[in-house]
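> Take this structure first; my questions come after.
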Amino acid sequence: MRVVIAIAIFFINVAGFTDSNEITVGEKAPSFNELDQSGKTHSLDDYKGKWLVLEWYNEDCPYVKKHYGSNNMQNLQKKYTSKNVQWLTVSTSAKGKQGYIEPSKAKKHFEEKLYSTALLLDSDGNMGRAYGAKTTPHIFIINPEGYVIYAGAMDNNDSSDPKTIPSAKNYVSTALDQAMSGKNVTKSFSKPYGCSVKYN
């Protein structure tokens, strides 16, 4: 019985199942209103007519460390924000749980670790639940018309080892490149992998 329970707990932690909604690719993106690292409010309406990436984040998660410790995530953030893509990193960890960012420390955290457009502080979990964010990382791409065109993992290798990145297929960059050039997104959904989002 103990073995079964332990396996179940491990599966929930890695797969990240929550009672969140499921966002279907092709649906209108849910609205949100969240404060960033500087106390500025961001809403979905602010990004009308723009390409938008939402990236769920927990700096203490080994799978996030995989992409940040290797600079894979920062390089993607730099590449696409230079092409006028808006990239919002979202911290949904509740206060007292792994990855929680104190608002008073968020600006320094953003300046030292991220190259995204902004760091949104969603500690009440409202934005995460609206999007059905399950893991860190979990990525959503929204087109200028406000529809979700990709939802899922960063790539096709669910290891936490950064050595796997060079040989992995990056779903996010592929989807952005295809969509921004007017092509159909060949892989619009994948199962996200990582640590569970730390909701209340």
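> Restricting to the stretch 147-200, name every residue that is more than 16 Å from the chain's Cα centre (by Cα), of a type outside the set (S, T, N, Q) and more than 21 Å from LYS28 (Cα to Cα).
Listed by number, the residues that qualify are ASP161, PRO162, LYS163, ILE165, PRO166, ALA168, LYS169.
> Sticking with this one: Could you check ASN200 against (1) modelled with pLDDT under 95; (2) not hydrophobic (A, V, I, L, M, F, W, C); (3) not in a loop (DSSP other than H, G, I, E, B) and say which number it fails?
Condition not satisfied by ASN200: (3).
> For the stretch 57-67, which residues satisfy the criterion of being buried (at least 18 other Cβ atoms within 10 Å of the Cβ), assigned to a helix (DSSP H, G or I) and not charged (D, E, K, R)?
Scanning the stretch 57-67 gives TYR63, VAL64, HIS67.
> Would you call SER160 out of contact with any helix residue (DSSP H, G or I) (no Cβ under 9 Å at 6 or more places or on another chain), over 20 Å from GLY132 (Cβ atoms) and hydroxyl-bearing (Ser, Thr, Tyr)?
When the stated conditions are applied, SER160 does not pass them.
> Give the stretch 117-127 a look and list any residue that's buried (at least 18 other Cβ atoms within 10 Å of the Cβ), farther than 23 Å from LYS191 by Cα and of a type outside the set (A, V, I, L, M, F, W, C), or say none.
Residues satisfying the conditions are THR117, SER123.
> Right, another one. Tell me, yes or no, whether the stretch 88-110 has at least one residue that is within 15 Å of GLU59 (Cβ to Cβ), small (Gly, Ala, Ser), assigned to a strand (DSSP E or B) and out of contact with any Asp or Glu (no Cβ under 6 Å at 6 or more places or on another chain).
yes
> State all residues of the stretch 112-130 that are assigned to a helix (DSSP H, G or I) and either touching a residue at least 60 places away in the same chain (Cβ under 8 Å) or under 17 Å from SER43 (Cβ atoms) (or both); if no residue qualifies, say none. Explain how you work it out, then say what you get.
First, pick out the residues of the stretch 112-130 that are assigned to a helix (DSSP H, G or I): 112-113, 126-130.
Correct list: ASN126, MET127, GLY128, ARG129, ALA130.
Results for (1) outside any loop (DSSP other than H, G, I, E, B); (2) surrounded by fewer than 17 Cβ atoms within 10 Å (Cβ to Cβ), shown as yes or no for each residue.
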residue	(1), (2)
ALA151	yes, no
LYS163	yes, yes
THR174	yes, yes
LYS183	no, yes
LYS191	no, yes
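> Taking VAL85 as the residue in question, decide whether it is crowded, with 17+ Cβ neighbours inside 10 Å and within 18 Å of ASN33 (Cα to Cα).
no
> State whether the residues of the stretch 131-149 include one that is under 25 Å from MET180 (Cα atoms) and assigned to a helix (DSSP H, G or I).
yes
> For ALA130, work out the one condition from (1) within 16 Å of the chain's Cα centre (by Cα); (2) surrounded by 18 or more Cβ atoms within 10 Å (Cβ to Cβ); (3) among the small types (Gly, Ala, Ser) it doesn't fulfil.
(2)
> Just to be sure before I move on: is ASP60 farther than 20 Å from VAL197 by Cβ and out of contact with any Ser or Thr (no Cβ under 8 Å at 6 or more places or on another chain) in the structure I sent?
Numbers: farther than 20 Å from VAL197 by Cβ: no; out of contact with any Ser or Thr (no Cβ under 8 Å at 6 or more places or on another chain): yes.
When the stated conditions are applied, ASP60 does not pass them.
The values are calculated or read from the model by the stated rules, or taken from the named source; none is laboratory data. Only a predicted model underlies this, so the values are computations on that prediction, with no experimental measurement involved. Every residue, glycine among them, receives a Cβ derived from its backbone with ideal geometry; neighbour counts consider all protein chains shown.
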